[in-house]
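Below you'll find the structure, written out as structure tokens, and then a few comments.
None of the figures in this text is laboratory data; all of them are computed from the coordinates on show. The structure displayed is predicted, hence computed values, not measured ones. FYI the Cβ positions are ideal-geometry reconstructions off the backbone, even for glycines, and counts take in every protein chain you see.
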Amino acid sequence: MQAAPVRNDGPRINEDIRVLKVLLIDHNGEKQGIMPTSAAIEAAVEAGLDLVEVSPNSDPPVCKILDYGKYKFEEQKKKNAARKRQKVVEIKEIKLRPNIDTHDYDVKAKAMYGFFEEGDKVKVTLRFRGRELAHPELGMRLLQKVKAEFEPVAKVEYEPRMEGKQMIMILAPR
């Protein structure tokens, strides 16, 4: 007869519990006290349920009599709900030019407000072409305007700086 394979995917159950004494909590949630593991397993078998080690690091380990399949299902549901609630922060990019028209700027600003409401970061990229490279101060002035306009809703995470032929600034929602 082969020994049952050791599972590492969850709490130990029934015969996998290798300690001498455990603190038992029955299927009604009532504390039964410290008892030998074999007696706890017998109590679980009598109830038609499993003995599950819920707190292995305490002294003695805490074991509970419950339906292991149902317990595993509930844990999976909790994990899925937590995963659904968490927000993955994305970095959205807005591309500008140094001599952008006011209406075009307003359209880009409206999009940025939308991104901040969704909780996303915004990377503002200012592209220079040809002779525009001779006047990086125009680009810096534009990015300072963006920074000032979005001060109430966003904080600057990456200050404006030149990278090759473009100037970059990253804003994160407050």
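Estimated purely from DSSP H runs of n ≥ 4, each contributing -39500 (n - 2.57), the mean residue ellipticity at 222 nm for the chain is -11000 deg cm²/dmol once divided by its residues. Bridge orientation summary for the chain: considering DSSP beta bridges with both residues in this region, about 75 percent are antiparallel.
Taking other C-beta atoms within 10 angstrom as a stand-in for reagent exposure, Tyr105, Tyr113 fall in the order Tyr113, Tyr105, fewest first.
In whole angstrom, how far apart do the alpha carbon centroids of the stretch 80-134 and the stretch 10-49 sit? If we compute the Cα centre of each part, the gap is 57 Å. Gyration tensor over the Cα atoms of the chain: the corresponding equivalent ellipsoid has semi-axes (square roots of 5 times the eigenvalues, largest first) of 64, 16, 13 Å. Note: relative contact order over the chain, using C-alpha pairs below 8 Å and six or more positions apart, is 15 percent.
In plain terms, the residue of Asp26, Asp106 with the fewest other Cβ atoms within 10 Å comes first and the most crowded comes last, giving Asp106, Asp26.
Neighbour counts of C-beta atoms inside 10 Å place His27, His103 in the sequence His103, His27, starting with the fewest. Residues of the stretch 51-82 with an amide N closer than 18 Å to a point placed 7 Å from the Cα of Asn28 along the Cα-to-Cβ direction: 64-67.
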